[in-house]
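Okay, so here's the structure we're looking at.
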Amino acid sequence: MSLEVVTEGTYLGDVIGDINRRRGSISDQDQKGVSAFVQGFVPLCETFGHINFLRSATSGRSTFTMIFDHYEKVPASMIEKLMEKEAK
């Protein structure tokens with residue numbers, strides 16, 4: 001998924017850290033005044049709960065948009081985890 005987050009500059013580090021934690025990658029970031037924009041890509045399965053993080057970490061002062069961008073291969077380590085979970 002293509003993801004764009006608009007937040008205040010003071011929360012930028014937390015937002016970028018959360019995207020990285022969700023196996024995402026940052027493609028662009030910019031700042032205009034007090035607002036910071038972060039664009040990147042995050043797997044759909046990792047985006048669940050992202051809005052809850054944004055609301056709590058930024059006191060409700062951030063927004064994000066997400067749209068489908070492309071398909072990508074699942075990493076081998078994730079395939080093993082999914083297979084173990086399915087076996088149970």
Which cross-chain or sequence-distant (5 or more) residues have an amide H under 5 Å from the amide H of GLU8, H modelled 1.01 Å from N in plane? ALA36
Give the share of C-alpha pairs in each 5 angstrom bin for the chain, from 0 to the last occupied bin, in whole percents, shortest bins first. 3, 13, 24, 22, 15, 10, 7, 4, 2, 0, 0
Calculated from DSSP H runs of 4 or more alone, at -39500 (n - 2.57) each and per residue, what is the 222 nm mean residue ellipticity of the chain, nearest 500? -10000 deg cm²/dmol
I'd like the Karplus ³J(HN,Hα) series for the range 51-56: coefficients 6.51, -1.76, 1.60, θ = phi - 60°, whole numbers in Hz, and an x wherever there's a Gly or Pro. 5, 5, 4, 4, 4, 6
For ARG22, residues with placed amide H under 5 Å, excluding near neighbours: none
Order the peptides 8-15, 21-28 from the highest to the lowest mean number of other Cβ atoms within 10 Å of their residues. 8-15, 21-28
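Readers should treat all values here as calculations from the given coordinates under stated rules, not as data from a laboratory. Please read these numbers as outputs of a predicted model, since none were measured by experiment. Glycine gets a Cβ as well: all are built from the backbone with ideal geometry, and neighbour counts include every protein chain shown.
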